[in-house]
Amino acid sequence: MEKEHDKIVLLLSFPLAALVIAASCVGLFTPDFYAAETLNWQAQSVGQDLIDLVLITPCLLITSILAYRNYRAAFLMWGGVVLYLTYTFVLYCFDVHFNELFIVYCLCLGLSFYSLVYFLFTQSKQNIIYAGGEPATRVIGIYFIIIAMLFYFLWLAEVVPASIQNTIPKSVAEAGLFTNGVQVLDLAIILPAIFITGIFLLKRISLGFILAPIILTFFILMDITIGALAVVMKVKGVEVDLMLTVIMSVLTLVSVSFLIWYFKDVKIESRL
């Protein structure tokens, strides 16, 4: 990246981090801030605030600062962090009852989304050749395809029977929502992107090399989030199987291993 691009990463990340910290602190430390939500969704909202504060914001700041110092791996991971924040704040904006932080949620969503757009734009302008790492990219590509298919099956196993029977899916009813925003984002956008990236990696299409570290970083953050939310929900008295935390911990380790393997074996060179 050029230095002017580095500065833009900081200019996007620092205000976003400040807004995320502010939203998280208000949600965590204001009594009954999520009183309009069901117990299930209250627990998830508080848990998400905690994760945003102690994990996501530090990741955002660290990757942006390292990207500013011209660490390309950090810039690629920064793309995964802002993808995660875009995903998360879509849920805050649409699945949390209107509250005093609504404008802050919108600002976080806007900054996250345009940070992601900026990331993809700079990648399209970099004119990069991705060389080597064929075993790594092949295995990661297969992993992406399997994950996408598994989560499609998981969500459709809940959605399709409810649609046929004209009932409300259990996850929607327990959260007290109109629809499950996670299912919407996954079925419509995230899972197709993961599946397509897997195909691109197997065919060694350059866009797949750009998206792979973003998705792996997103996986790591999301797996930690899901596992931690299960613990928070259990503490808050919501019925949940903590085996989910174990599964997410294993998936986190797998994704971390693949991300390290990717950066070790895939060579990134400027095209002449």
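In summary, helices (runs of 4 or more DSSP H) completely within region 140-258 and bearing 3 or more residues that are under 24 Å from CYS59 (Cβ atoms) occur at 181-185, 191-202, 206-235. Only a single item in (1) modelled with pLDDT of 95 or more; (2) farther than 26 Å from VAL254 by Cβ; (3) exposed (fewer than 14 other Cβ atoms within 10 Å of the Cβ) is not met by PRO58, and it is number (2). Whether any residue in region 42-62 is without any contact (Cβ under 8 Å) to a residue 40 or more places away in the chain and either closer than 17 Å to PRO213 by Cβ or in contact with a His (Cβ under 6 Å, 6 or more places away or on another chain) (or both) is what I want to check. Yes, the conditions are met somewhere in region 42-62.
Under the condition of being farther than 17 Å from VAL256 by Cβ and in a helix (DSSP H, G or I), the residues counted in region 67-78 number 4.
If the condition is being surrounded by fewer than 17 Cβ atoms within 10 Å (Cβ to Cβ) and hydroxyl-bearing (Ser, Thr, Tyr), then region 195-212 contributes only SER206. Taking the criterion of being assigned to a helix (DSSP H, G or I) and crowded, with 16+ Cβ neighbours inside 10 Å, the residues of region 94-107 that qualify are ASP95, VAL104, TYR105, LEU107.
Restricting attention to region 27-43 and to residues that are assigned to a loop (DSSP other than H, G, I, E, B) and of a type in the set (Gly, Ala, Ser), the residue that is surrounded by the most Cβ atoms within 10 Å (Cβ to Cβ) turns out to be ALA36.
Among residues of region 126-141 that are at pLDDT 80 or above, those with a beta-carbon under 8 Å from a residue that is not in a helix (DSSP H, G or I) at least six positions away or on a different chain give the pairs GLU134/ARG204; ALA136/VAL266; THR137/ARG204; THR137/VAL266.
Of the residues making up region 143-164, at least one is surrounded by 14 or more Cβ atoms within 10 Å (Cβ to Cβ), in contact (Cβ under 8 Å) with a residue 60 or more places away in the chain and over 28 Å from VAL9 (Cα atoms). Residues that are small (Gly, Ala, Ser) and more than 15 Å from THR225 (Cβ to Cβ) were ranked within region 61-93; the one that is surrounded by the fewest Cβ atoms within 10 Å (Cβ to Cβ) is ALA73.
The values are calculated or read from the model by the stated rules, or taken from the named source; none is laboratory data. None of the values given here were measured: they were computed from a predicted structure. Here Cβ is always computed from backbone atoms with ideal geometry, including for glycine, and neighbour counts include all displayed protein chains.
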